[in-house]
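Engineer: Take a look at the following structure, please.
The values are calculated or read from the model by the stated rules, or taken from the named source; none is laboratory data. Keep in mind the model is a prediction, meaning the values are calculated, not measured. Please note: Cβ atoms are built from the backbone with ideal geometry, for glycine as well, and neighbour counts cover all protein chains shown. Only protein heavy atoms, including side chains, enter the accessible area calculation; ligands, DNA and RNA are left aside. Shrake-Rupley method; radii C 1.70, N 1.55, O 1.52, S 1.80 Å.
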Amino acid sequence: MENLLLKPRTLEHVKVFWEKSQDQEIDKMFPFNRNTLDDAIKLYEESLKPNSRSFGKVISIDGKYIGDIWCYGIDEVDAKQAFISIVIFDKTYWGKGIGKHTIEQFCQLVFGIYDINKLCAFTYKDNKRSIAVLENAGFKKIEEFEEDDVLSCYYELLRL
Ligand SMILES: CC(C)(COP(=O)(O)OP(=O)(O)OC[C@H]1O[C@@H](n2cnc3c(N)ncnc32)[C@H](O)[C@@H]1OP(=O)(O)O)[C@@H](O)C(=O)NCCC(=O)NCCS
């Protein structure tokens, strides 16, 4: 997918992402922290510091900003792992293979930057798109669990 680019996040992206992610349909599929915009800006500023435990990129297609992909809980010392999340907030771009290509590119990037052995992901069990995207990228289901009456899945991708 030649027109897909992962670009650096700016403060302007953080504000747009926060607003777009208030969408009810997205909120139902994705276990967001219900942060205020100020919290989101603080987290972004933290992510820019050296040795930050989070790292993110924005997803750009044909020059248009359509979503974010990021990892958090980066631990290069003990667990040697990080957690990954993706949200394409512009729903007109769902189901076109962008999620699949984005996850593949981002995992490669993260394994290149950080000294970790695996990437981990949580998703709701009824989020079929998210599950298909993770499994297509090589993530394996490790466990299913119930939290607050919602069935969820935990996935891992091991460094090759
Ligand atoms: C999840 C998300 C990132 C996927 O991105 P996307 O660009 O829509 O995904 P893709 O087009 O690359 O792939 C979608 C896959 O889901 C499959 N799919 C779509 N609807 C499906 C359904 N109802 N049942 C089963 N599979 C389904 C498609 O067939 C495709 O798999 P394939 O490539 O094997 O055919 C995007 O939909 C999104 O941002 N959703 C809201 C936030 C979210 O749920 N984030 C994930 C939390 S971990």
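Engineer: For the structure I just gave you, tell me whether ALA132 is within 10 Å of the ligand (Cβ to nearest atom), closer than 14 Å to ILE84 by Cβ, open to solvent by less than 100 Å² (accessible area, probe 1.4 Å) and within 18 Å of the chain's Cα centre (by Cα).
Structural biologist: no
Engineer: So SER54 clears everything in (1) away from the ligand (no atom under 13 Å from the Cβ); (2) more than 15 Å from the chain's Cα centre (by Cα) except one condition, right? Which one?
Structural biologist: SER54 satisfies every listed condition except (2).
Engineer: Report whether or not ASP126 is part of a strand (DSSP E or B), within 12 Å of the ligand (Cβ to nearest atom) and among the charged types (D, E, K, R).
Structural biologist: Criteria not met by ASP126.
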